[in-house]
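Below is one structure, written out as structure tokens; comments come after it.
The values are calculated or read from the model by the stated rules, or taken from the named source; none is laboratory data. These numbers were taken from a predicted model, which means no experiment stands behind them. Just the protein is used for accessible areas: all its heavy atoms, side chains included, with ligands, DNA and RNA removed. Shrake-Rupley method; radii C 1.70, N 1.55, O 1.52, S 1.80 Å.
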Amino acid sequence: MSDVDSPVLRLIPYLAAFTVTVFVTIPVFGGGQLLMALVVAVIAYFGTYYLVQYVIGLVVRHRRNNTDDLE
């Protein structure tokens, strides 16, 4: 995500990944399976992080391309 300059846009993937990880892992951890909860947490964190980072990159590139056309 080198094309994103805003510090807020750089922070959003971390916050989204942490939030999804907490809410997905709590029900799995309730079953008492620590290893399964850890695996689910890792997959949820990295999956959400890279997905949000990808979507933000697409939106930023799309908006920059549209503003370049207007000039």
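Some points to look at:
- Residue that is open to solvent by 70 Å² or more (accessible area, probe 1.4 Å) and at pLDDT 90 or above, where the choices are Phe18, Phe29: Phe18
- Residue match in the stretch 59-69 (condition: over 20 Å from Ser6 (Cα atoms) and either in a helix (DSSP H, G or I) or modelled with pLDDT of 95 or more (or both)): yes
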